[in-house]
Structure formats: structure tokens, C-alpha cells
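Contents: one structure, followed by commentary.
The values are calculated or read from the model by the stated rules, or taken from the named source; none is laboratory data. Owing to the predicted nature of the structure, the values given are computational and were not obtained by experimental measurement. Positions of Cβ are generated from backbone atoms using ideal geometry, with glycine treated the same way; all protein chains shown enter the neighbour counts.
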Amino acid sequence: MVIKLPNTDLMNTNRKSAMPYLETITIALALLVITATNCLAAKRPNILYIMSDDHAADGISAYGSRLAKVAPTPNIDRLAKEGALFTNAFCTNSICSPSRACVLTGQYNHVNGSFDLGGRVVPGKQMLAIEMGKAGYHTAMIGKWHLKAEPADFHYYCVLPGQGKYHNPEFRVRGENPWGKNLVKFDGKHSTDAITDLTLDWLQAGWDQDKPFFLMHHYKAPHDYFDNAPRYESYLADVNIPEPDTLWKRGAQFGSIATRGADDELIPHIGTSIGSRTPRRSYLRDLPSRYPNEFPPNFDSANHTYEENTRFAYNAYLKKYLRCVKGVDDNLGRLFKYLEDSGQLDNTVIIYTGDQGFMLGEHDYQDKRWMYEESQRMPFLVRYPKTVKAGQRFDTIIENVDYGPTMLDFAAAEIPDSVQGRSFKSLLETGKEADDWKQTAYYRYWMHMAHHDNPAHLGIRTKTHKLIYYYGCNYDGGYQTPPGWELYDLVADPHETQNLYHDPTHAELAVELKQQLANTRVRVGDDGSHYPACESIVQQFWDYDEEDQNNAREISHQYLQRRLNELKAGIRNVQTFRGNKK
């Protein structure tokens, strides 16, 4: 653009008459700034962040698990083939709201304040949407949100209320009524199809194509209780789903007093199960009435052995789960095709992940929440052929707090000082892990004994080992379960079957890892000040000397009696993580 300057003599002799020229200059300069900003934005890639709920890495065939051959995921696998796959991507807390808060803020949960399923990130604090908007991106959030407060910092949103429904889903949109009162409904549709339709509609008609887009596209599937679209009912119907060895062989060396109780007395009461191990909640108890077609006609568990019942429940569970995954993968095929046909595919950084992992029968556990591999590990795949070489696999430790700054880095956007995570864009582009990159992932689960009977715990994961500390109390230090420590060598024992913490030959390693855990807590800022009574319990059993272990045994006996009393009273779900309940 050429700007013609007015005659300066004229300006000096008649400033009033020169004002229109000054206004012309001001407008032209403003247009230059806008044009320059738009040109810069136009050169930046679109960013598509896809997240499915509870999608474990083992549910993606690119990860090569036991399920890869029976339930392939070709569209997700395409991202690995044409981009990069991470084998050591971890969540910092394996439940929905806290994980989403970490991605959105780039902060650990003790900093962003989303400790449990009541977590929220209020408008004005939704860092990722705010910074992308500042960088000239058109921002959108479509699908599962699950963070209570309105996603108002996005330019556009259409999100499920809370967990949302699998069938005939409703979505919250911006409107004249207060947050949560403006709804659109998709009668006759499955949520996975509806979410994809919404995204395609936005890309076709809602996206301001003068700007790059930043789109968070979140599926509800395959969250339990899994309910697939009807067209998938025949998928895997006649297949016996491969089982993990640990479904049957938990072994005497797996776990600790924290997960087994003194003399194994709490095995029926810690962690909900696939088969009949737990009397309070199991898939054997819950699924036959939900999915009767997945069980023999007139099914009655009393007529079958423990092994038969467990296998029935496991197959029902996995088939419904994998059918939901199939729906996600097929819909991603639709989405990728649109991007390809519209010429946007190679100009878009595409990320696929889950909000955490999920236990797919391992150790006879259901759900997530655990720090065990299947729950803590997240799938993470990236495709951007302009700078990310195809076919890469990384064992670098990344956490969900790192996802936000990495996306901001691709967008050439500002990364605020409030962000605790770190961009790994250079790793994706060079293939080299930075010399000063972190070597431990931090984990903390706060919802003590809620919903699935998981004790509160914290720990670290290195590339070779895992240290878990079950401190076993709620926010106020109450409702105690026995504290205990677990140490796993993930090279020799990748399925975590042998707790080495009390093995004298690993005593030095245990001390070293405990110090690393203490150092990591300092690094991430988890000083316990948010819940002092809880931190008091953490510190009380940290050394875990003989006196601590004797106290743990006594706590185990006390908890067993409490649980038996609860079962006798018919209490199936004791909400303990918020209150004291000594």
C-alpha cells in the first residue's frame, strides 16, 4: 500500500484544512497494522485438538496392543504414520475435569484449582482460548467440556451439559439466556455423529476463513457406561476379545497394603472390578441389565463359575468400549476427508489424545483414576507434514500441562508466565529431546475412595520406573485407608506385577526415587498448603518406618470394619473425598 503524504507547507499554513489528510494517514496506518497482522495469521497453521474421553493408548492400534488386530483404528493410525506418536504422554490426574483444566491452563491441578469432578476454569482464566484469540485465531470449543463454568473465552462454543448423553444429545450454546439455558438438541443422533456434524458445520459456515482456526473437538465416547451407535451392534459380536494376563494373574507381589489391605483383607474393597471380586460395584453386577444382548439369554451369574462370569463381563465391557472407539475413528475419517477436500489438511496441526487412559481389564480394575500405566498414560499423536517428519516415535516424557504451550508455540502465540508446562514443538521438528527436559512426570489423584474406591495417591513416573505413594485420606485427612508405597521397574516389568518397594535389593533405588518425588513436588509447586490436614497425613507416613507400617495395618483393620458396616447398611457409593468422616 502506497500512502501519499500531504504537502507540509499546506499543513503549516492551514492546519484545519490538513485534518482530513491526517485522518487519512491514521486510517492507512491502522489498515497496514491490520493487514500485517492478518498476513501473519494467514501464514500460521490451523490447530485442531481432538480429545476423546477415556480413550486408552491400548485402544489405538498404532500402539500395538493386544487389541490392535481385532479392533484397528485406521484413521487415528494415519496420524502416527504421517506424523509422530508419543509412548510416554501422561495425565497429571486421571479424571475428566482436572485433565481438561490442565490442557486449558497449562497448570497442574493444585495451581488451576480443578482437583476433582467439581473442577471449573472460569471465563478470564481459559488461557489457551484467550492466547489463541490474541494471536489472531478464530477459536471454537465443540463437544464435551465438563468444566462447570461457561467456555466464554472461546469465540464459539457448542458443548455437552456435564457428561452429556450418548443418544439424542443436547448441547449448550451462547445465547440470550444465562449459561446453560440455551440448548440445541439432536434427536435421533449419537453424540459422536452429532459432535462431528457440528464441527463440519462450523468449518463450512462458522469459521472466519480470513483467520486460522483453533478448534477443540472433544468426543464423549468412549466414556462409560459405553453406548455405541446402533449401526455398530454387530461389530465384534462373534469375537472373543483378547484378555490381559493381569485380569487373572494379579499375583501376590502386585500392589501393597494400600490396595490389598493387611493380609489381603481389602482386596474385595479397593478398586471396582470386572468380575465378582468386589461386592459393591463390578461390571458383572452392572452390565447384564444394561446390555442383555452381550450375555447369554436369561443370564444368571449364579449359574456360572467365577471365570465364566468374569469372561462374560469382560467381553461385554470391551465390545461396547471398542464399538464406541470404532464410531470415533469412523467420524474422524469424515473430518479428515473434509479437511483434505477443502485443502486444509496439510495446513493444520492435528493432535489426537484422550483426557486420560482407561483400565481395560488390567489387574481386574475398571475405570481410570489409578496411576497404573493403562490409566496414567494418554495417547498422543501429531500430524503436521510441513515441519513434523512422518513416522516418528518418541519416548520423551510429556504431560498434559505441556499440550497448551506446544499448541501456542505452533501458533507463534504468547505463552504466559502463568503456564507451568513447556512446549515440545522443537522436539517434534528436530527429533531431539532438549538437554534440560524434565525426566519425571508428576501424578496426584485427590478423589479419595469416591465412585470407584480408589485411595488418594501421588507419585512420579520416569522413563524406567514408577513410584506410587498411597497416602490414603480425603482433603481433610479423614476416611483413612492404609497408606503404602509401590515401586515398579517398567523395563523388566512393564505390566506392573511386582512391587519392589520392600525388596532389600532395591532399597537404594527406593530412597533415590523418593527424593526425586520430593524434588518434583517442589518443581511443580505442590507444597500441600491448599489442604494442610491432608498434607499432614502425607508427611506422617512418608518415611514408612516400622511404626508407620504397624499403624497402616491397624488402619486397614479399621477400614475393613467400616466397609463391612457400609455394605450391611446397603451403601453403594460413599462420597468421602470432600468431607472429613474420620
> In the stretch 272-283, is there at least one residue being out of contact with any Gly (no Cβ under 7 Å at 6 or more places or on another chain), aromatic (Phe, Trp, Tyr) and in contact (Cβ under 8 Å) with a residue 60 or more places away in the chain?
Replying inline: yes
>> Looking only at the stretch 496-518, how many residues end up being in contact (Cβ under 8 Å) with a residue 24 or more places away in the chain and either more than 24 Å from the chain's Cα centre (by Cα) or not in a loop (DSSP other than H, G, I, E, B) (or both)?
In response: 10
> Which one of these does residue 157 not meet: (1) touching a strand residue (DSSP E or B) at 6+ places or on another chain (Cβ under 9 Å); (2) in a loop (DSSP other than H, G, I, E, B); (3) within 18 Å of residue 51 (Cβ to Cβ)?
Replying inline: (2)
> Which condition breaks for residue 553 when tested against (1) farther than 11 Å from residue 257 by Cβ; (2) at pLDDT 95 or above?
Replying inline: (1)
> Taking into account only those residues within the stretch 229-266 that are among the hydrophobic types (A, V, I, L, M, F, W, C) and in a helix (DSSP H, G or I), which is farthest from residue 367 (Cα to Cα)?
Replying inline: 262
> Here is a list of conditions, (1) surrounded by fewer than 23 Cβ atoms within 10 Å (Cβ to Cβ); (2) in a helix (DSSP H, G or I); (3) touching an Asp or Glu at 6+ places or on another chain (Cβ under 6 Å); (4) not hydroxyl-bearing (Ser, Thr, Tyr), and residue 408 meets all of them except one; can you say which number that is?
Replying inline: (1)
> Quick check, is residue 98 crowded, with 24+ Cβ neighbours inside 10 Å and more than 25 Å from residue 241 (Cα to Cα)?
Replying inline: yes
> Exactly one of (1) part of a loop (DSSP other than H, G, I, E, B); (2) surrounded by fewer than 24 Cβ atoms within 10 Å (Cβ to Cβ); (3) in contact with a strand residue (DSSP E or B) (Cβ under 9 Å, 6 or more places away or on another chain) is unmet by residue 123. Its number?
Replying inline: (3)
> Within the stretch 467-502, how many residues turn out to be more than 13 Å from residue 257 (Cα to Cα) and of a type in the set (Gly, Ala, Ser)?
Replying inline: 3
>> Return the residues of the stretch 238-256 that are among the hydroxyl-bearing types (Ser, Thr, Tyr) and either in contact with a helix residue (DSSP H, G or I) (Cβ under 6 Å, 6 or more places away or on another chain) or at pLDDT below 95 (or both); say none if nothing qualifies.
In response: 246
> Failed condition for residue 565, given (1) surrounded by 13 or more Cβ atoms within 10 Å (Cβ to Cβ); (2) more than 25 Å from the chain's Cα centre (by Cα), with all others met?
Replying inline: (1)
>> I'd like to check something: does the stretch 439-452 contain any residue that is touching a strand residue (DSSP E or B) at 6+ places or on another chain (Cβ under 9 Å) and farther than 30 Å from residue 484 by Cα?
In response: no
> Can you tell me how many residues in the stretch 210-237 are over 22 Å from the mean Cα position of the chain (by Cα) and either within 18 Å of residue 128 (Cβ to Cβ) or modelled with pLDDT under 95 (or both)?
Replying inline: 3
> Among the residues of the stretch 167-197, which ones are part of a loop (DSSP other than H, G, I, E, B), touching a helix residue (DSSP H, G or I) at 6+ places or on another chain (Cβ under 8 Å) and over 23 Å from residue 338 (Cα atoms)?
Replying inline: 169
> In the stretch 267-294, what residues are within 15 Å of residue 365 (Cβ to Cβ) and among the acidic types (Asp, Glu)?
Replying inline: 286
